[in-house]
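Student: Okay, handing you the structure first.
The values are calculated or read from the model by the stated rules, or taken from the named source; none is laboratory data. Everything numeric in this text was worked out from a predicted model, so none of it was measured. As a convention, Cβ positions derive from the backbone with ideal geometry for all residues, glycine included, and neighbour counts pool all protein chains shown.
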Amino acid sequence: MIIVSLCLFCFCLHQLWTCSLIPTLFMYNSRFLCLSVCLCSQLVASASVMHGEVHSPQYPRPYLPNLLMKRDLSVPKGYHIQLSLTHLDIEESSGCSQDSLTVLHDQEVLGKFCGQKNSTDYPDRESILSQSNKLSLIFRTSDSTPELQQHIGFSGVYKAIDVDECSKPDPGDGSGPLCSQACVNTPGSYRCSCHSGYKLHLDQRSCLLSCGINIFGKHEGHLSSPRYPCPSPPFLSCNYNISVESRFNVFLNFTDKFHIESVNTPQGPKCLHHWLQVTIPGREPMKLCGRQSPGVIATNSSTVRLDYHTDDEGLSHGWSLNYSTQARTQAFDGSMFSFSQWLTIIMSLFCSSAANDCGEPEPLLNGGVTFLSGAQNQYGSVIQYHCNEPFYSFPGGANISFTCEADRTWRSNHKVTPTCVPVCGQPTKLISTYQRIIGGSGAPDNTIPWQALLNIDGVRVGGMVIADHWIMTAAHDLIHNGKPVANGTVRVYMGHTDLKPLLRTPVYVASVHIHPDYNNPRGEDYNNDIALIKLQDPMTFNSSIMPICLPAEGATNVTGMMGMVSGFGIMEIYPPRITKKLKYVHLPVVEQRICHDSVNNLKKTRDNVPNLTNNMFCAGLPEGGRDTCIGDSGGPFALRDDDGRFWAAGIVSWGIDCGQQGRYRIYTKVINYLDWINKTMQENGN
């Protein structure tokens, strides 16, 4: 997305090459063009083509002298490409030094051919398998033939061969195998699965040991970390709950052999990667780590929760404890208890002691439930719902408790089981410096978790996550040849800032929704340039995928406010250089009058410059230098509110040239479309 504004043109020879136009707006020699770069690509299979044919120029007529042609073949990622030559008639020379067909993969020569051969009598060498989804063919002819020769060149076919990713060996670079336990090959890809007793980690690769236990009414016992005293497995997230009758206190007695990895800092050891957290109602949670046993912890509570966490950094041998209970000392006159507490005790003596008086509490999506007191599901038991923070929360913010009543139902001030809603615009990591000197930089992991990369029929653009099923982008990216693109031509990628791992896990599209008032058949009217994409499956949010907030009612783009724009677009136009990592840059909002003047000045010297409407705003620097450009359209222009949350102020829409002095990029003003966004999501099942 970091721009040097130059133009590159390509010349197509012998119908082997064609120009693939990437839509954006540029002016050249007083003429309006719909592209900023004419990228030369061969007449080859698109990402959806699984096979095709290839032949030399003019085949089956004799080829011409002094040719140098290159043909790039590709099939979808996740496949290898196999080339089979069906006919070969190229003038023979020693070492094929004159006329030749050379087959390459990533600059490595896989074969060089000349002479006259048919596939029937020369089958082995003429079937070539690339080690990726790409192959290049170079056909070269010399001027050494004085008279017109009659050799006709070559013809062949290619097809996609599925890669069995699961059969690949461990690369030996420390990254480990593709899947930590079981790998299942699928057409064009693979998926990981886990053995019984394990669950798949958020990285969709590692298997977590399913660990933890809920203990209710048992007054003594023993707990220890998985595999104790041997080293704990990585990626653990274990939860242990101990709950007894309210008249007892729980004591935790840790054994001497205690080891949880810690990090030494000037302030002392810190529990950064591994920890055991002890949570007692009404008190601040305690995080334990290091080599010093905590000894005996008197909780002064009838319930306690322990959470054991490990990741792939460091090594812990774990912990072991014995727990016991002790009845609270109290006077018979009941001074320790309120009337309601005594009533609960008396009622419990007369109520059924069946194990499931109220039944299992309803499960909570993206959250969980903890027993605070009482025996499990029996009369008087108190449970508390909680959301998976910091990625989900209750609308009111506080945890919500329910009590098992005498009529065998869970009751609370809330009429229904609460719902965990996604937290928006609050990444777990912030970019360390808020750049007021404008410049583009690589985005650290988890700092722009709402960024999406869209591949639309082979063209890549930007988008942003706004809900668990929904991506917001620019309408013009989803219109090809005057019609909305088909759902199957759109792929969505999220969760990584590096392009290579990002492209491994495409997300599929259920429906495309373009604003009904967007009408731009000639590329001259970008009013209402906004669209929504609904995904087939909902996302579960985490540190790498999180929605950006939609604007609050009455939100404004104040002139001079620094916004953050991000994308995987082109970094330089000539020579073409596409980023392999998510880039971001901070740009100020431009006063609307200055924005109008910039557009009107262009109209004086260039034709077909689009109009600036009240649904648009400008961002950038008057001196230029840094900007968004090809591949960034549809991406987010994010502002940050007083509470520190990022919200979607704009969508990258259009502009004249990139990064030029006195010109600004134009963004769709999202606040103007809140009603349409909410209506579209509600009518299509959120």
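Student: Out of segment 413-440, which residues are modelled with pLDDT under 85, surrounded by 15 or more Cβ atoms within 10 Å (Cβ to Cβ) and small (Gly, Ala, Ser)?
Tutor: Across segment 413-440, the qualifying residue is only GLY440.
Student: Also, quick follow-up: Can you name the residue in segment 285-295 that is among the hydrophobic types (A, V, I, L, M, F, W, C) and within 24 Å of PHE248 (Cβ to Cβ) and is also surrounded by the most Cβ atoms within 10 Å (Cβ to Cβ) among such residues?
Tutor: Checked segment 285-295; the qualifying residue surrounded by the most Cβ atoms within 10 Å (Cβ to Cβ) is LEU288.
Student: State whether the residues of segment 37-45 include one that is in contact with a Gly (Cβ under 8 Å, 6 or more places away or on another chain), at pLDDT below 75 and part of a loop (DSSP other than H, G, I, E, B).
Tutor: Yes: one or more hits.
Student: Would you list the strands (runs of 3 or more DSSP E) that sit entirely within segment 215-284 and hold 2 or more residues that are crowded, with 17+ Cβ neighbours inside 10 Å and either without any contact (Cβ under 8 Å) to a residue 60 or more places away in the chain or of a type in the set (Val, Ile, Thr) (or both)?
Tutor: In segment 215-284, the matching strands (runs of 3 or more DSSP E) lie at 275-279.
Student: Just give me the residues in segment 467-489 being surrounded by 23 or more Cβ atoms within 10 Å (Cβ to Cβ) and either in a loop (DSSP other than H, G, I, E, B) or under 19 Å from the mean Cα position of the chain (by Cα) (or both), in sequence order.
Tutor: ILE471, MET472, THR473, ALA474
Student: Can you name the residue in segment 206-223 that is at pLDDT below 85 and of a type in the set (A, V, I, L, M) and is also farthest from ASN249 (Cα to Cα) among such residues?
Tutor: LEU208
Student: Would you check if TYR508 is assigned to a strand (DSSP E or B), surrounded by fewer than 22 Cβ atoms within 10 Å (Cβ to Cβ) and either of a type in the set (Phe, Trp, Tyr) or in the same structural domain as PRO76 (by TED's automatic domain parsing) (or both)?
Tutor: Yes: the conditions hold for TYR508.
Student: Then there's this: Of the residues GLY634, GLY625, which single one is in contact with a Gly (Cβ under 8 Å, 6 or more places away or on another chain), within 22 Å of ILE448 (Cβ to Cβ) and modelled with pLDDT of 90 or more?
Tutor: After applying the criteria, what remains is GLY634.
Student: Which one of these does GLY295 not meet: (1) of a type outside the set (A, V, I, L, M); (2) in contact (Cβ under 8 Å) with a residue 40 or more places away in the chain; (3) under 17 Å from PHE216 (Cα atoms)?
Tutor: (3)
Student: On the given criteria, is GLN204 surrounded by fewer than 15 Cβ atoms within 10 Å (Cβ to Cβ) and on the phi > 0 side of the Ramachandran plot?
Tutor: So GLN204 fits the description; yes.
Student: So, one more: What residue, of PRO234, PRO226, is at pLDDT 80 or above and touching an Asp or Glu at 6+ places or on another chain (Cβ under 9 Å)?
Tutor: PRO234
Student: State all residues of segment 127-163 that are farther than 19 Å from SER97 by Cα, at pLDDT below 85 and among the small types (Gly, Ala, Ser); if no residue qualifies, say none.
Tutor: Within segment 127-163, SER127 is the sole residue that qualifies.
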